[in-house]
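Okay, structure first, notes after.
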Amino acid sequence: MPRWGMVIDLDRCTGCGACETACKSENNVATVSSDQADLGRATAWMRVMTEVEGEFPNTTMRFMPRPCMHCDNPPCVKVCPVAATYINDEGIVGQIYPRCIGCRYCANACPYTVKYFNWFAPEWPESERAHLNPDVSVRPKGVIEKCTFCHHRLQKAREDARAEGRELREADYQPACVDACPTGAIVFGDLDDPQHRVAELKHDARAMRLMEDLGTEPKVYYLTPRAGT
Amino acid sequence: MRPEVATKLAALPVDERRLLRPLVDTSRTFYLIAGTMGLIVLWGITAYVLQVVYGLGRTGLNRPEYWGIYIIDFVFFIGISHAGTLISAILRVSKAEWRRAITRSAEFITVLVLGFGAIQPIIDLGRPDRLLNVIFNAQFRSPLLWDVMSIGLYMTASTIYLYIPMIPDLAIIRDAGIKAPRFYRFLAAGYRDTPQQRATLERIIGVLAIVVIPIAVSVHTIIGWIFAMTLRPMWHSTIFGPYFVMGAIYSGIAAILIAMVILRRVYRLEEYFKPIHFDYMGRLLLLFSLLWFYFTFAEYLTAFYGGEPSEMRTFWAKLSGPFAVPFWAMVLGCFVIPLSLMCRGSTRTPKGTLIAGIAVVIGMWLERFNIVVPTSVNPRWDMESVAHYFPSWVELSIMAATFAGFVLVYMVATKFFPIVSIWEIKEGKEQSVREVADRVAGYLPSEPSLEAAD
């Protein structure tokens, strides 16, 4: 059984935001007005966090793309009263939109703040509406949504591999953010398969996971920037 | 009041006459206040309909400030509901004779406020239409589900605990024939106050009083656990269960005191709610103000001493940051005011307890605010922009409607049920005075003359 995970090299990240945009477009993430975004109601399953380090003029801008960590021990799954948030056999943490009652307990329980709520019915600009991705369900108002590691792509990749009568290859299943990254900063694959690059990268000396001390066992690894970069 | 009802009422013994009068005699002020409360409730319902139609975006909530007024009110009202059942059960079990006049009014607070508390998380739901998923897709590892079960059990138990001790009074109303005969005949369930029936009744009350105590304790413990089971800074605390139970009882006592002062004034119950009752309840309030300080101090000192950065962000936000005003107002309301008023006999009067009671109720609401909001806006991930929360008019209207709705149903309840237990007062006069004298005598060494007779 694969255990899907991601390694993000922060040295390679330029903060371009391609991953964020690709994710929004792939997953039919609704657009909110700028005043709603100011209220803290924007949704971005993948978001490039920015941080300015140092005192002016000796400052460095740091970027950190942040998807759902797909924890092996996810705090959000435990607290959901209706089992709408779940973790599947391959370690992907998902959300059943038609079952979610919108209590937002999972959103409060998540230490990485990566669960998003639909405060209103979703809206898109007229130009986008015709291009919604038919593989991803559109969420109604009042439910929680989150990064899924684009698991609809996995389903498609499996079917294709089966049709061609071969095993699933690493390149067959890649989330939209990975595909879009121009510097190859995001690597995705099976953490337990030595053939996959992530299995090796997770043992890199620079590899770390966020808030490891909480025992959530995230499956997203970061390669911390080397000194002087 | 119709003349034939007035005649019937005048023919009753003194306790019945005094305590049943509110059931048949309603002033214009009552209708005026009830009407106002009704309008506020309608306003709140309108606000809720808007919220359902447009979405929870109509509130001031955002990310990461996911829980606001509704969850604060949920914790607050369920806390108030610990007034009746728990206080009255503890006083019954401990044979505190002074309880007789106040148990009924307290039990009514419990049952009526509980519903208003229980609907808050439903109002808070993004999809209230899917509420029954909680049953169909129950996930038992979720503290919210434990809560659904314990509140359901508590509601059932406290309603039974209100109803059973009321049966003799319902029979009195039925026999007096002053109001809605069929209604009271149904509720009195054929009770004739025979010695056998009375003995059964008292046995059931005795069992219920013991059963409801652990249920009531479980309810607010689990509400505390909803927060404590997450890894959020200043929520993830082992003290939360007991801290919430203590706070619940505290706000409950304060609510009873406010209700007693108002009932005494409007229904002229000075003979039943005597200064001694306010004195004793004031002492309980004093004890709980000290307990409140102890728990709060222990909770904050532990967080401060550990000095974990994520905890400290929330800690300082409360003590000297954006939440300093609600924090110190809470300390004033929950500790300084009640302590200074209740530590002296001269201010443990109806007026003094009223002021202290109001201070505690406001202070305990603020405590719930200070638990829910500062932690919500300070998530563990500090790169997340620090959010802000200001409740929208929709939330404030629903909150006003909840308070008004509770006042309204409590007012209406006093028009259908005697708010002081008639039979328990009579039983106290007829039996307990002697029983207590015997009991006290039993505590002491027996008379030497009896020994000599051996």
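Quick note: the coordinates plus some simple rules give every number you see, no bench work behind them. What you are looking at is a predicted structure, and each value in this text was computed from that prediction instead of being measured. Ideal geometry is used to build each Cβ from the backbone, glycine not excepted, and the neighbour counts take in all protein chains shown.
Couple of notes before you dig in:
- Toward the positive end of the charge dipole of the protein assembly as shown, with +1 on the Cβ of Lys and Arg and -1 on the Cβ of Asp and Glu, the farthest Cα among B:Pro128, B:Ala356, A:Cys13 is that of B:Ala356.
- Net length available on complete extension from B:Val436 to B:Leu131 is 104.7 nm, with 0.36 nm assigned per residue and the Cα-Cα distance removed.
- As a calculated quantity, the FRET efficiency between B:Ala180 and B:Ile160 at R0 = 25 Å, using C-beta atoms, amounts to about 0.65.
- Ranked by the mean number of other Cβ atoms within 10 Å per residue, highest first, peptides A:11-24, B:69-82 order as B:69-82, A:11-24.
- Close amide-amide hydrogen proximity is noted between A:Val220 and A:Met6, each under 5 Å apart and 5 or more residues distant or on a separate chain (H modeled in the peptide plane; Pro and chain starts excluded).
- ³J(HN,Hα), Karplus 6.51/-1.76/1.60, whole Hz, each residue of region A:217-225, x for Gly, Pro: 6, x, 9, 10, 9, 10, 9, 5, x
- The mean sequence separation of alpha-carbon pairs under 8 Å and at least six residues apart, normalised by the residue count of region A:4-223, gives a relative contact order of 30 percent.
- The HN-Hα couplings worked out from phi for region B:92-98 by the Karplus form 6.51 cos²θ - 1.76 cosθ + 1.60 (θ = phi - 60°) are 5, 4, 8, 6, 7, 5, 6 Hz, whole numbers, x standing for Gly and Pro.
- Backbone HN-Hα couplings from phi across region B:430-442 [Karplus 6.51/-1.76/1.60, Hz, Gly and Pro as x]: 7, 10, 5, 4, 5, 4, 5, 4, 5, 5, 4, 4, x
- For the peptide B:226-236, the mean number of other protein chain Cβ atoms found within 10 angstrom of a residue's Cβ is 3.
- Dipole size of region B:22-423 about its Cα centre, with +1 on Lys/Arg Cβ and -1 on Asp/Glu Cβ: approximately 1020 debye, rounded to the nearest 20.
- With both labels modelled 7 Å from their Cα along Cα-to-Cβ, the A:Gln155 to B:Thr7 distance reads 8.0 nm.
- Among A:Glu51, A:Glu170, A:Glu90: highest mean-square fluctuation, GNM of chain A, C-alpha pairs under 10 Å: A:Glu51
- Taking every residue in B:48-57 and counting other chain Cβ atoms within 10 Å of its Cβ, the average works out to 4.
- Degrees separating the helix B:275-306 axis from the principal Cα axis of chain B, which is the longest one: 20 degrees
- Placed amide H near A:Val48: partners under 5 Å, 5+ positions off or other chain: A:Arg66
- Positive dipole terminus of chain B, leading residue within B:Ala324, B:Val372, B:Thr200 (C-beta point charges): B:Thr200
- Spin-label pair B:Ser340/B:Phe416, simplified geometry with 7 Å Cα→Cβ offset, distance in nm: 4.4 nm
- Length added when fully stretched, B:Val93-B:Glu271, from 0.36 nm per residue minus Cα-Cα: 61.6 nm
- Extension gain, A:His131 to A:Glu53, is 24.2 nm, computed as 0.36 nm per intervening residue step minus the present C-alpha separation.
- Legend: ranking of residues B:Ile160, B:Ile119, B:Ile371, B:Ile249 from fewest to most surrounding C-beta atoms inside 10 Å; resulting order B:Ile160, B:Ile119, B:Ile249, B:Ile371.
- Pairwise FRET efficiency - B:Glu308 versus B:Ser446, Cβ, R0 = 56 Å, nearest 0.05: 0.35
- Inter-chain neighbour count for A:114-127: the average number of beta-carbon atoms from partner chains within 10 Å of each residue's beta-carbon is 3.
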